[in-house]
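Notes follow once the structure below has been shown.
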Amino acid sequence: MPNYSEKPTIIFDMDGTLLDLAYDDFIWNELLPIRYAEQHQCSLEQSKQTLFSFYQQHNHTLKWYSSRFWTSQVGVDVLAMQIEQKAKVAKREGCIELLTYLKENGYPIWLATNADYAGLQFKLEETGLRDFFDVIVSSETLGHAKEFIEFWQILASKHPFDAKNCYFIDDTEKVLNGAKLFGIEQLYSIQQPSSAKAPRETCNYPMLSALTDLIPILEAQTTEQAEEQKKYA
Ligand SMILES: [Mg+2]
């Protein structure tokens, strides 16, 4: 008889999922170009051109997510710059409500982020979210970005979980593809990762508009499982 008593593990991405991506967009697309132009005595336009070509070159690699890499690449201390702006880090709407609901209902809550370890620490500090999570991992620590199946294989070897009884929520489609390849079936994206940008029109995965939209989805699954359980009883 299948075991329906176990609550599914709920794994969240951080930036653009639980936290507003407007902060990261501001840091990388607005503030860094200004600081880079100052540092290298070039125009803002030249600075943006150089940086955006770096971004394209390294997008979706582990380097892309590393403050240390960017500091050495661009000559601006990007970790210090992010910490200096930490008051702008904001939770997305419904974040606390959803995490509180999951906690009160006994769901294991995990955080799996591509943010590097140092970035993860100051954001957890700033938002006060740390205590909600049973497991917190940064791809920097595991050695592979979440876009790749290796991340999931190593995560599961360090923290075993049932991919078939798991929900993963992430605003980046390539990351969801990596999780799918590993065997996670319940995959959700985010309709508006940044409050400063328009909501997305389409995505290959179902999108949560408000984070709390996950609650009725989980409740429907619980009801379905209770009915299955009755059949076996
Ligand atoms: Mg994200």
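Here, each number is a calculation from the coordinates, and none is a lab measurement. What you see is a predicted model; the values in this text were computed from it and never measured. Here Cβ is always computed from backbone atoms with ideal geometry, including for glycine, and neighbour counts include all displayed protein chains.
For the range 122-138, what does the Karplus curve 6.51 cos²θ - 1.76 cosθ + 1.60, with θ = phi - 60°, yield as ³J(HN,Hα) per residue in whole Hz, taken in order and with x for Gly and Pro?
6, 6, 5, 4, 5, 8, x, 8, 3, 5, 6, 9, 7, 9, 10, 10, 10
For the range 22-87, what's the radius of gyration and Dmax over Cα atoms, in angstrom?
When restricted to Cα atoms, the range 22-87 yields Rg and Dmax of 11.1, 30 Å.
Using the Kirkwood radius over C-alpha pairs as Rh, can you work out the diffusion coefficient of the chain via Stokes-Einstein at 25 °C, viscosity 0.890 mPa s, in µm² per second?
130
Give the lysines reachable from K48 as a straight Cα distance under 21 Å; neighbours fewer than 8 places away on the same chain don't count.
Output for K48: K63, K197.
Jot down the per residue volume, in cubic angstrom and as a whole number, of the convex hull over the alpha-carbon atoms of the range 84-135.
80
How much net charge surrounds F69 when only the other residues with a Cβ under 14 Å from the Cβ of F69 are counted, with Lys and Arg +1 and Asp and Glu -1?
-1
Tabulate in residue order the Karplus-calculated ³J(HN,Hα) for the range 7-14, using 6.51 cos²θ - 1.76 cosθ + 1.60 with θ = phi - 60°, rounded to whole Hz; enter x for Gly and Pro.
Values, residue by residue: 6, x, 7, 10, 9, 10, 7, 9 Hz.
Mind scanning K146/K180; K180/K231; K103/K123; K158/K180 and naming the pairs with a C-alpha gap bigger than 23 Å?
K180/K231
Which cross-chain or sequence-distant (5 or more) residues have an amide H under 5 Å from the amide H of H144, H modelled 1.01 Å from N in plane?
Sorted by chain and number, the residues that satisfy this come to none at all.
Can you check what the net charge comes to around F122, using other residues whose Cβ is under 15 Å from the Cβ of F122 (Lys, Arg +1; Asp, Glu -1)?
Summing Lys/Arg as +1 and Asp/Glu as -1 gives -2.
Would you please state the base-10 log of I(q)/I(0) at q = 0.16, 0.20, 0.21 1/Å for the range 2-113, with intensities from the Debye formula using one equal scatterer on every alpha carbon?
Taken in order of the listed q values, log10 I(q)/I(0) reads -0.81, -1.08, -1.15.
What relative contact order, as a whole-number percentage, does the range 61-144 give when Cα pairs under 8 Å and 6 or more residues apart are counted?
34
Looking at the chain as a GNM with Cα springs under 10 Å, which of E30, E219, E126 has the largest mean-square fluctuation?
E219
Would you list I96, I184 from fewest to most Cβ contacts within 10 Å?
Ranked by crowding around the Cβ, least crowded first: I96, I184.
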